[in-house]
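The values are calculated or read from the model by the stated rules, or taken from the named source; none is laboratory data. All values derive from a computational prediction rather than experimental measurement. FYI the Cβ positions are ideal-geometry reconstructions off the backbone, even for glycines, and counts take in every protein chain you see. For the accessible areas, the whole protein counts, side chains as well, though only heavy atoms, and no ligand, DNA or RNA atoms are used. Shrake-Rupley method; radii C 1.70, N 1.55, O 1.52, S 1.80 Å.
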Amino acid sequence: MTIHVLGFFALMANTEVDLGAFESLVKNAPDDALKVYQIAIAREDLPVQDLYQLHYQAIRASASTFNNVILIEAIDSLKTPPFKALADEDRAKILTNIGVGYRRRNQNEQAIWHYRCAMNATASLQQKSALKVNIAIAYTRLEQPAIGYRLLKSVDREMLPSFMQAGLLTALGNATFALGEVDKALSYFIEAATHYAQDENYRAVKQVSINSLGIYVLHSDFSSYHKVLADIASEPSLIEDNQHYLGWLRELVQQLEQNKQGLTESTTMKAYSLGAANKGYAAMVNAHIDKFNLSLPKVTSQLTVRDPLPVELGKAWCPSH
């Protein structure tokens, strides 16, 4: 358990919960945040507003950590009388967070359903712009990047706060790369990382930097590749989640740095290429196959649904659907 969690437990010894510290934990160490959450909600002296915020933030954390049990329990908690009125006011944000949970599990149609519900639930132009970004991400993952790109370009970027601009830039990077604009994609990824850092979302900085790695390899910029890889290494969960893609890059870079004229396509590389494709990196792997004349078959994205959620978890806040 990290020192951040231990520090949070110390704060919980007081009457009030430090919700700011908990939100930071949700962004940077969501698994640890859920441990704190389970202990915190057992307290009997917390005001309703604090408990509501704990449940609300737990939806965000469990959406990204694949903890379906806590995600469903937190959603169900917000439907109960002590929290219902507060949840109704935040329904657009709740629907968005649930949508993220579906997208993370590759249930992209369900993600789009919830994002569209959220758009109908808010009058905020800023929130609508952010939701366009989320919908575009889901379409890109459904291998419809042109639809995603059109949505993204319709967003007024200056209307968004820094952390939302980061999401927009990440999505633009993925969409433009899928459309073959490699250098533009890299510039979007680098700018997104800057915005995530400004928001102190350091996990997201490393996540978007993983996208940049493959482009550095395409450009044979091994210095930048190794620098970014060293930064990512401090986040073991990201290394594990992207192990096939990172393995593909490692095998490729080892041979390229040895200045081999003809690269050897091992069975390991083929396995890595297929695994990377299944994590959403098919376009990047195929770009490497073309660039370096590898005699490996092109890969297709075979995104599998991981730990699927029941459908329409947010229906209570989307009565029109």
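Going by what's in this entry, would Ser62 be described as in a helix (DSSP H, G or I), under 21 Å from Leu172 (Cβ atoms) and open to solvent by less than 40 Å² (accessible area, probe 1.4 Å)? So Ser62 fails the test. Applying a threshold of 9 Å to beta carbon distances and a minimum spacing of six or more residues, or different chains, the list of pairs starting in segment 310-321 at a residue that is farther than 10 Å from Ile75 by Cβ and modelled with pLDDT of 90 or more and ending at one that is open to solvent by less than 60 Å² (accessible area, probe 1.4 Å) and part of a loop (DSSP other than H, G, I, E, B) reads Val311/Gln107; Glu312/Cys318.
Among Ala146, Ala42, which is touching a helix residue (DSSP H, G or I) at 6+ places or on another chain (Cβ under 9 Å) and surrounded by fewer than 24 Cβ atoms within 10 Å (Cβ to Cβ)? Quick ask: steps written out before the conclusion?
On the way: Ala42 fails: touching a helix residue (DSSP H, G or I) at 6+ places or on another chain (Cβ under 9 Å).
From the options Ala146, Ala42, the qualifying one is Ala146.
Annotation for segment 136-156: at least one member residue is acidic (Asp, Glu) and closer than 20 Å to Val100 by Cα.
For segment 258-278, filtered to residues that are open to solvent by 20 Å² or more (accessible area, probe 1.4 Å) and in contact with a helix residue (DSSP H, G or I) (Cβ under 6 Å, 6 or more places away or on another chain), the residue that is farthest from Leu229 (Cα to Cα) is Leu263.
Let's see how each residue does on (1) open to solvent by 20 Å² or more (accessible area, probe 1.4 Å); (2) in contact with a Gly (Cβ under 9 Å, 6 or more places away or on another chain); (3) of a type in the set (Lys, Arg):
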| position | (1), (2), (3) |
| --- | --- |
| Lys93 | yes, no, yes |
| Val100 | yes, no, no |
| Arg105 | no, no, yes |
| Gln110 | yes, yes, no |
| Ala118 | no, yes, no |
| Ala121 | yes, no, no |
| Gln126 | yes, no, no |
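For segment 201-249, a residue qualifies if it is hydrophobic (A, V, I, L, M, F, W, C) and open to solvent by less than 10 Å² (accessible area, probe 1.4 Å), and the qualifying residues are Val208, Ile210, Leu213, Ile215, Val217, Ile232, Leu238, Trp248, Leu249. For segment 106-113, check the following and say yes or no: at least one residue is under 16 Å from the mean Cα position of the chain (by Cα), more than 21 Å from Met159 (Cβ to Cβ) and among the hydrophobic types (A, V, I, L, M, F, W, C). So far as segment 106-113 goes, yes, one or more of its residues are under 16 Å from the mean Cα position of the chain (by Cα), more than 21 Å from Met159 (Cβ to Cβ) and among the hydrophobic types (A, V, I, L, M, F, W, C). Screening Leu303 against (1) closer than 26 Å to Val217 by Cα; (2) in a helix (DSSP H, G or I); (3) in contact (Cβ under 8 Å) with a residue 12 or more places away in the chain leaves a single unmet condition, (2).
Entry remark, segment 151-170: residues being part of a loop (DSSP other than H, G, I, E, B) and among the acidic types (Asp, Glu) number 1 in total.
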